[in-house]
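The values are calculated or read from the model by the stated rules, or taken from the named source; none is laboratory data. This structure is a prediction, so every number in the text was calculated from the model and none was measured. Every residue, glycine among them, receives a Cβ derived from its backbone with ideal geometry; neighbour counts consider all protein chains shown. These accessible areas exclude ligands, DNA and RNA; they are computed on the full protein's heavy atoms, side chains included. Shrake-Rupley method; radii C 1.70, N 1.55, O 1.52, S 1.80 Å.
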Amino acid sequence: GYAIYDYKRAERKLLIEHRISRAVDPDWVQECADTLRYDLATSHRLQQLKPWHPEILYQLKVGYSQEHDRFVIPIYDRRGELINCRMYRPGATPKFIWLESGLGSNYLFPRKAFDESSVILVEGETDVLSLRSIGYPAVCGTVGAGAPVPDGDWWRNRHVYVWTDYDVPGIEAAQEAIRRLRDLAAEVRLVTMPVWPGRP
């Protein structure tokens, strides 16, 4: 049989890559961020689920889409161009989806990490938001433990602390991250946490 190629999707992706059209409307992202910031019921619901600081969320333009019933995490490239959004719903399967399918890749989140000299590489966006809410410069890729190091040499001459989950995928992700980072980073350190009985 012949493979059916989706020319419309390929054409759209090309137009976005060449900045002729956009995958996501920045005004919509801002509306979602405003919803999360100013809608007290939505904000309260999030606080019951995650210990994320409202100011950090607003700085990163994290919002909430009532239409999708998901939290909106905008993803920007190194130049600050809005690429796509990660849509997060706690407890859903899957927890994360791309707003625009077919336009995903392994991007660095958040974009501000490109300007930070020391970062903590974690597995996912929720970990980033939790650590940044208490003052730590966490970063991640948008693929998770399967590809722990986001594309681009963003780690060149930086101090990188690798802190993944203490499970098989997390341990393998840490080993892969260290292998990729060690030649260009100024320093790579592995962060581990104590293990105790009954720890989830």
Point to revise | Subset of region 186-200 (residues that are of a type in the set (A, V, I, L, M, F, W, C), closer than 21 Å to Gly144 by Cβ and surrounded by 11 or more Cβ atoms within 10 Å (Cβ to Cβ)) | key: Val188, Leu190, Val191
**Study point:** Selection from region 126-164 of residues that are of a type outside the set (A, V, I, L, M, F, W, C), under 24 Å from Pro194 (Cα atoms) and touching a Gly at 6+ places or on another chain (Cβ under 9 Å)
**Key:** Gly144, Pro148, Thr164
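Quick check on this structure: which one of Asp127, Asp183, Asp151 is charged (D, E, K, R), surrounded by fewer than 18 Cβ atoms within 10 Å (Cβ to Cβ) and under 26 Å from Tyr76 (Cβ atoms)?
Working: Asp127 fails: surrounded by fewer than 18 Cβ atoms within 10 Å (Cβ to Cβ); Asp183 fails: under 26 Å from Tyr76 (Cβ atoms).
Going through Asp127, Asp183, Asp151 in turn, the sole match is Asp151.
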Revision key, fill the gap. The condition from (1) open to solvent by 70 Å² or more (accessible area, probe 1.4 Å); (2) in a helix (DSSP H, G or I) that Ala173 misses is numbered (1)
Exercise for review: Test Val139 against the stated conditions and say whether it is exposed (fewer than 14 other Cβ atoms within 10 Å of the Cβ) and of a type outside the set (S, T, N, Q).
Suggested key: no
Point to revise | Residue list for region 63-87, restricted to those being out of contact with any Pro (no Cβ under 9 Å at 6 or more places or on another chain), open to solvent by 10 Å² or more (accessible area, probe 1.4 Å) and either under 19 Å from Thr126 (Cβ atoms) or without any contact (Cβ under 8 Å) to a residue 12 or more places away in the chain (or both) | key: Tyr64, Glu67, His68, Asp69, Arg70, Arg79
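Taking Gly198 as the residue in question, decide whether it is assigned to a loop (DSSP other than H, G, I, E, B), of a type outside the set (A, V, I, L, M) and over 24 Å from Gln47 (Cα atoms). Let's see the steps before the verdict.
Details: assigned to a loop (DSSP other than H, G, I, E, B): yes; of a type outside the set (A, V, I, L, M): yes; over 24 Å from Gln47 (Cα atoms): yes.
In short, yes.
Only one residue in Pro94, Pro90 is in contact with a helix residue (DSSP H, G or I) (Cβ under 9 Å, 6 or more places away or on another chain) and surrounded by fewer than 21 Cβ atoms within 10 Å (Cβ to Cβ), so which one is that? Full working, then the answer.
On the way: Pro94 fails: in contact with a helix residue (DSSP H, G or I) (Cβ under 9 Å, 6 or more places away or on another chain).
Among Pro94, Pro90, only Pro90 is in contact with a helix residue (DSSP H, G or I) (Cβ under 9 Å, 6 or more places away or on another chain) and surrounded by fewer than 21 Cβ atoms within 10 Å (Cβ to Cβ).
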